[in-house]
């Protein structure tokens with residue numbers, strides 16, 4: 001891995017953290033629903049990362065796929081619970 005890739009990753013983490021902390025609490029619920037789609041994109045990126053030459057790239061990509069899948073499944077479970085709260089009885 002070169003320094004450019006690491007720099008882009010660190011900047012993406014910083015920008016993502018800054019954006020999420022600036023969101024007001026009333027928008028957290030719709031934001032979580034929308035972030036499931038973004039997590040799907042992260043899964044594609046993680047799968048592509050497994051094609052990087054070397055064992056480290058493969059293992060980091062594999063771990064990224066696992067964490068992204070956990071994020072997607074958990075997001076859909078939380079979204080489902082939120083939607084059930086708004087169903088008429």
At what distance in nm do the modelled label points of residue 14 and residue 32 sit from each other, each positioned 7 Å from its Cα along Cα→Cβ? 3.0 nm
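I need the calculated FRET efficiency for the pair residue 7 and residue 87, taking r as the beta carbon distance and R₀ as 35 Å, to the nearest 0.05. It would help to have the intermediate numbers written out before the result.
Working: r = 46 Å, r/R0 = 1.33.
E between residue 7 and residue 87, to the nearest 0.05, is 0.15.
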Helix 3-21 axis, angle to the chain major axis (alpha carbon atoms, nearest 10°): 10 degrees
Can you give me the distance in nm between label points at residue 51 and residue 78, each placed 7 Å from the Cα along the Cα-to-Cβ direction? 3.1 nm
Tilt, helix 55-85 to longest principal axis of the chain (alpha-carbon atoms), in degrees rounded to tens, equals 0 degrees
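In percent, what relative contact order does the chain have, based on Cα pairs under 8 Å that are 6 or more apart in sequence?
On the way: 44 pairs, mean separation 24.2, N = 89.
It rounds to 27 percent for the chain.
Take peptides 4-16, 34-46 and line them up by average Cβ neighbours within 10 Å, highest first, as a rough protection proxy. Spell out each step's value before the answer.
Values: 4-16: 10.2, 34-46: 14.4.
Sorting 4-16, 34-46 by mean packing, highest first, produces 34-46, 4-16.
Tell me, what are the semi-axes, in whole angstrom and largest first, of the equivalent ellipsoid of segment 37-89 as set by the roots of 5 times the Cα gyration tensor eigenvalues?
After scaling each eigenvalue by five and taking roots: 33, 9, 4 Å.
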In degrees, nearest ten, helix 28-49 long axis to first principal axis of the chain (Cα): 20 degrees
Rel. contact order, % - alpha carbon contacts under 8 angstrom, at least six apart, segment 37-89: 32 percent
Which of (i) 14.6, 40; (ii) 13.3, 47; (iii) 16.1, 56 is the computed Rg and Dmax of the Cα atoms in Å for the structure on display? (iii)
Note to self: C-alpha centroids of segment 16-31 and segment 44-58 sit apart, in Å, by 30 Å
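FYI, it's all coordinate maths here, none of it is from the lab. Since the model is a prediction, treat every value here as computed from it, not as a measurement. Counting neighbours? That spans all protein chains shown, and the Cβs are built from the backbone with ideal geometry, glycine included.
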